[in-house]
Structures are given as structure tokens and as C-alpha cells.
Amino acid sequence: MAKAKKSTSARSRWKQWRAQAPARLATGLKTVLSALAVAVVGLFLYQSWASPSGRPYFALEHVRFQGLERVDPAYLRGLLQDSARGNILHVDLDQVRRQVESATWVESAVVRRRLPDELVISVRERTAGAVAQVGDEILLVDRHGVLLDPYDPKFELDVPIVVGLSRGGQNARLMKRYWTVVEDLRSGETDYTRHISDIDVSRPQVAVTSIDERVSVILGEKDFNKRFRIFLSQVEKVREARRQHGAIQEVDVSFPNRLIIRTARQGQPEVALSR
């Protein structure tokens, strides 16, 4: 009886093993496939660092710029000589962008990787919007007050020179004020900017220089179009004051119903005329 029980138990275990065989096989196959996948990934990573030629597959080989017209690409590559090198996957794209945007004529840049070995940098350049007198220099300036290169006659900018900017100053605020004056002077039937050589935005009361009369005209803080028209309507009084008192330093039309003429002669009092 004991042998019969033992034989029955053996047959039971055999049947149980056969029933579990497919599951065991599937588990073993999964383990083999997982190991194979790990091996493939490991081989790929290894080859990403060392190709048969001894050079990494993802070594940065090319830096290509898009959108450049004024900026020399060789100059930009010089800015990137320390940051754009080595494995392309390790290049700090934000650092590259900041370095490109440090160039004077670059307003903004977008940097992206193009595998296996290239950086593509799309650049938006600044646009010269006006000409600025900064000390003894005549410089191009963009609409936001960024000082660019020395003035080049090939830039045909039909706006008055802006006076009052400085290197390292609050040029953005002053340029915003400058464009407010320009737009106001152009807002009527006549574009009065064509009668003005420069606009000084550095002083509390905006001053412009009349091309025809070669005199500084104080326009105040608002109503620039209206006040310059008042000046033009009083030109004969200005000329008469010049004949009587000599050179004129400035004409102030910022006061209500008064025209103040300040002569350049030392000790000469102001000439105040009603309008």
C-alpha cells in the first residue's frame, strides 16, 4: 500500500509540473528577452561614446546659424568656443542661447540639437530704428534703446536724431518717450518731424531743434504737435527778437498763452511775449 501511495504521489507531481511548464517557459523567455534588451541598450550607449574610429558618435561637429544678416557667424562661434563642444547631449542649450544673445545686434536666439552632431541656432537680429548722439558719437539705436554700431549712411532713417541716451543709462525709458514725441508730431495733417533735426529726451521738458530757425524749442511734457504748431505760428516774433537781441538760446512754448525767448547773450533778460 505504501508503494502505491508513493507512485500516486509521483504521478501527481509530474502532472502538476507539466501543467506549470508553459508558465515557467514564458517566465524564462521574458527573463532572456529582458537581458537581451539590456545588452542592446548597453551596446548602444557604449557606441554613443566610442565609435570604431575612436570618436564619439554624438560629438558636436557643426554649429549652424539661421537668420544672420549683420552679425558675423565667426564672431558668434568665438563666443561659443567653451560652451558648444564635446558630446552634443551634454551641451547646455540655455547657456548657448545667452551667449549668442550677448552680441550687440542679436535680439533673441533659439537653440536646438539636430542629432547626431549639429546645433542649429535661429537668430533674430535687432533693427536700427533711429540715430542717437551719445557724447561725441553718432550711433545707430534700436527701438528699445540698445546702442548698436556707429552710424552708417546706408541706413536711411527718416526720423530726428535722439539726444539724451548714454552707455549704461536708462535708454529703454528714454526711447519710449522719444517715440511718443515722434508719433505725436506725425499725428496731424503735417509731419512736423521733417522740420526737426533732433529731439532731446533727457530733460524734464522735451526739447526739439528747428531745422529752419536753427533754434531749440521747448515743447514741455505733452501736446507736442500742438506746441510745435504754436512755435511755427510765432516764427516772425522769434526772428524779430533775434534782430533785436542777437543769437537765441531757446524758445519755450510750454507755458499757456506765453512765448518765452531766451537769448544767448550773457545778462540778457528773457523776452516774454503773449501768443
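The values are calculated or read from the model by the stated rules, or taken from the named source; none is laboratory data. Because the structure is predicted, anything quoted here is derived from the model rather than measured. Virtual Cβ from ideal backbone geometry, glycine too; neighbours counted across all protein chains shown. The protein model used for the area step is the full one, side chains on, heavy atoms only, and it has no ligands, DNA or RNA in it. Shrake-Rupley method; radii C 1.70, N 1.55, O 1.52, S 1.80 Å.
Here the label points at residue 64 and residue 143, each 7 Å from Cα along the C-beta direction, are separated by 3.1 nm in the simple model. What's the local net charge at residue 113, with K and R +1, D and E -1, over the other residues with C-beta under 13 Å away? With Lys, Arg at +1 and Asp, Glu at -1, the neighbours total -1. To the nearest 10, the accessible area of residue 97 is 70 Å² with a 1.4 Å probe.
Accessible area per residue for region 147-275 is 56 Å², calculated with a 1.4 Å probe on protein heavy atoms, without ligands, DNA or RNA.
Counting other Cβ atoms within 10 Å of each Cβ, which GluC sites (Glu not before Pro) in region 88-127 have at most 16 and sit in a DSSP loop?
none
Ranked by solvent-accessible area (1.4 Å probe, protein heavy atoms only, all chains present), the residues 65, 231 order from largest to smallest as 65, 231.
Compared with the alpha-carbon gap, the fully stretched path from residue 118 to residue 244 is longer by 38.0 nm at 0.36 nm per residue. Near residue 243: Cβ cut-off under 12 Å, other residues only, Lys/Arg at +1 and Asp/Glu at -1. The net charge is +1. When nucleic acids and ligands are ignored and a 1.4 Å probe is applied, residue 92 ends up with an accessible area of around 80 Å².
Applying the criteria of a DSSP loop state and at most 12 other Cβ atoms within 10 Å to the GluC sites (Glu not before Pro) of region 151-190 yields 156, 189. How far is the Cα center of region 90-158 from the Cα center of region 220-241, in Å? Result: 39 Å between the Cα centres.
If I take every Cα pair under 8 Å that is 6 or more residues apart in region 80-146, average their sequence separation and divide by the length, what percent do I get for the relative contact order? Once normalised by length, the contact order is 21 percent.
Quick one: grab the alpha carbon gyration tensor of region 132-196, order the square roots of its eigenvalues as a ≥ b ≥ c, and give me rounded if a/c is under 1.5, else prolate or oblate depending on whether a/b is larger than b/c. The shape class here is oblate.
May I ask for the net charge around residue 126, where only other residues with Cβ less than 11 Å from the Cβ of residue 126 are counted and Lys, Arg are +1 while Asp, Glu are -1? Net charge around residue 126: -3. Loop-located trypsin sites (Lys or Arg not before Pro) in region 153-218 (DSSP state not H, G, I, E or B) with no more than 11 neighbouring Cβ atoms inside 10 Å: 154, 167, 214. Could you look at region 136-253 and say what percent of its accessible area is carbon and sulfur, using a 1.4 Å probe and all protein chains? C and S fraction of accessible area: 46 percent.
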